[in-house]
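Presented below is the structure to which this report refers.
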Amino acid sequence: MNSEDDENLGALLGALVDDRAPPARVRSRLLSAIEGSSRYLPFSQVLSRHFDLSLEEVGGLLRRASEAPNWIVGVEPVRRYLDFRPGACAVAPRAGLVWLAAGGRIPAHRHLDPERMVVLEGVVSDDAGRCARAGELLEIPVGASHVVQVDPAGDALVALLHGKIHLLGT
Amino acid sequence: VEDRRQDAELMSAAARGERDAFAEVFDRYGGVVYAIALRMLRSEGDAEDLVHDVFLEAWRDAARYDAARGALRTWLAVRTRSRALDRLSRARGGRHVALDEVEDRRERAAASTAHPAEVLAVRGALQVIPEDLRVVLEQTYFFGWTASEIAAALEIPLGTVKSRLARGLGLLRRSLEDETNDELGR
């Protein structure tokens, strides 16, 4: 069916039934899911695209991320991280989910490989004027140098596709 | 128009991971999704599970919702029907029989793919068809029941279901033709 057929069928279906409120437990269950293991599902498409993963692989990654023992404690501003393998066609060889501390700062560094950062929670910016909120992408080209800053309003969770960097100072 | 604009904003916010916005989507359309699920699956437990699955899928796919292509209510209704048909098919052992007992498939296709201006006409035409025939038509064409399932649910012979379906389709066709003629005569 095309989208017009869908629209018509949906309109008919909606017209043929009288709305009936589902039990409150249905709402509670849904909200519990989107607060927990399914919290980052809306970013499945963007993660799939930039990390060259299938939606099923992204789903598996997000399930892993919902279990605390899968995370490794990091060094500030990295609170914790979870490495994963990107697809073969991703623009960089390594990937990870990283929780960054609110107000945290990653000192000046130069990228020897391209980097992509999808923000899943919080706000991340850099001194080159780039800024990304939840669902948005920061794209850093090879050779670029910058300092990364996490918004002080809250911790940030990012999915990072990266290669080698060269630290420039503090 | 205002509702559709608000729906688009809510789904955009959901696509950014804003859970409060998606809770409002549920509050707006949980009722229609649950009603369709119940009508198709006939089990409150199964319907509740389906509502959960449909909204979780909508949460995942929020960024793909395009208000310019249709209302959120219908987007969710179509997904609900599709997922319910999947469940019915699995329950029947993977056999896709939702509509295969219908004798006139062309009629089914016509009924389920009405043009926008015909949606209300089809709904109106259904309302003037006697209830015993209308129930069989709606359950077959829109809610995925087989003639056998309708026969079991209504406790009537299979042959009666098929004859009601044939009579109902005939009445529906004539009713729509009458409405079309009325429109042309104006």
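Can you find, within segment B:31-76, the residue that is farthest from the chain's Cα centre (by Cα) among those that are aliphatic (A, V, I, L, M) and within 7 Å of another protein chain (Cβ to nearest Cβ)?
Across segment B:31-76, the extreme among qualifying residues is B:Ala63.
Among the residues of segment A:7-38, write down those that are closer than 20 Å to B:Glu18 by Cβ and more than 7 Å from every other protein chain (Cβ to nearest Cβ).
Those that are closer than 20 Å to B:Glu18 by Cβ and more than 7 Å from every other protein chain (Cβ to nearest Cβ): A:Ser28, A:Ser32, A:Gly36, A:Ser37.
Do we find that B:Leu133 is more than 13 Å from chain A (Cβ to nearest Cβ) and at pLDDT 80 or above in this structure?
Spelling it out, B:Leu133 is indeed more than 13 Å from chain A (Cβ to nearest Cβ) and at pLDDT 80 or above.
If I go through segment B:28-43 residue by residue, how many of them are on the phi > 0 side of the Ramachandran plot and polar (S, T, N, Q)?
Residues meeting the conditions: 0.
Hey, does segment B:84-99 have a residue that's at pLDDT 85 or above, within 11 Å of chain A (Cβ to nearest Cβ) and surrounded by 21 or more Cβ atoms within 10 Å (Cβ to Cβ)?
Within segment B:84-99, one or more residues are at pLDDT 85 or above, within 11 Å of chain A (Cβ to nearest Cβ) and surrounded by 21 or more Cβ atoms within 10 Å (Cβ to Cβ).
With the requirement that a residue be of a type outside the set (Val, Ile, Thr) and in contact (Cβ under 8 Å) with a residue 24 or more places away in the chain, what does segment A:31-53 give you?
Answer for segment A:31-53, where residues must be of a type outside the set (Val, Ile, Thr) and in contact (Cβ under 8 Å) with a residue 24 or more places away in the chain: A:Gly36, A:Ser37, A:Ser38, A:Arg39, A:Tyr40, A:Pro42, A:Phe43, A:Leu47, A:His50, A:Phe51, A:Asp52, A:Leu53.
Go over the candidates A:Gly103, A:Gly129, A:Gly154 one by one and state the one that is surrounded by fewer than 16 Cβ atoms within 10 Å (Cβ to Cβ) and farther than 17 Å from A:Glu76 by Cα.
Exactly one of A:Gly103, A:Gly129, A:Gly154 is surrounded by fewer than 16 Cβ atoms within 10 Å (Cβ to Cβ) and farther than 17 Å from A:Glu76 by Cα, namely A:Gly129.
When you scan segment B:123-167, how many residues do you find that are in contact with a Pro (Cβ under 8 Å, 6 or more places away or on another chain) and either under 14 Å from A:Leu12 (Cβ atoms) or buried (at least 21 other Cβ atoms within 10 Å of the Cβ) (or both)?
Adding up the residues that qualify gives 0.
Taking segment B:1-19, which residues are closer than 19 Å to A:Leu47 by Cα, of a type outside the set (D, E, K, R) and surrounded by fewer than 21 Cβ atoms within 10 Å (Cβ to Cβ)?
Once the filter is applied, which keeps residues that are closer than 19 Å to A:Leu47 by Cα, of a type outside the set (D, E, K, R) and surrounded by fewer than 21 Cβ atoms within 10 Å (Cβ to Cβ), segment B:1-19 yields B:Ser12, B:Ala13.
When B:Arg39 is evaluated against the numbered criteria (1) touching a residue at least 60 places away in the same chain (Cβ under 8 Å); (2) in contact with a Ser or Thr (Cβ under 9 Å, 6 or more places away or on another chain), which criterion, by number, is the only one it fails?
(2)
From A:Gly103, A:Gly59, which residue is of a type outside the set (Asp, Glu) and at pLDDT 95 or above?
A:Gly103
Return the total of residues in segment B:20-61 being surrounded by 23 or more Cβ atoms within 10 Å (Cβ to Cβ), charged (D, E, K, R) and over 29 Å from A:Ser54 (Cβ atoms).
Total satisfying the criteria: 1.
Evaluate segment A:113-124: report whether one residue or more is outside any strand (DSSP E or B) and surrounded by fewer than 15 Cβ atoms within 10 Å (Cβ to Cβ).
Looking for residues that are outside any strand (DSSP E or B) and surrounded by fewer than 15 Cβ atoms within 10 Å (Cβ to Cβ), one finds none in segment A:113-124, hence no.
Determine whether segment A:46-56 contains at least one residue that is within 10 Å of chain B (Cβ to nearest Cβ) and either surrounded by fewer than 16 Cβ atoms within 10 Å (Cβ to Cβ) or at positive phi (or both).
Scanning segment A:46-56, I find at least one residue that is within 10 Å of chain B (Cβ to nearest Cβ) and either surrounded by fewer than 16 Cβ atoms within 10 Å (Cβ to Cβ) or at positive phi (or both), so the answer is yes.
Taking segment A:134-148 as the region of interest, how many residues are over 10 Å from the mean Cα position of the chain (by Cα) and not in a strand (DSSP E or B)?
Adding up the residues that qualify gives 4.
The values are calculated or read from the model by the stated rules, or taken from the named source; none is laboratory data. Everything quoted here is computed from the prediction, not taken from an experiment. Quick reminder, even Gly has a Cβ in these numbers, built from the backbone with ideal geometry, and neighbours come from all protein chains shown.
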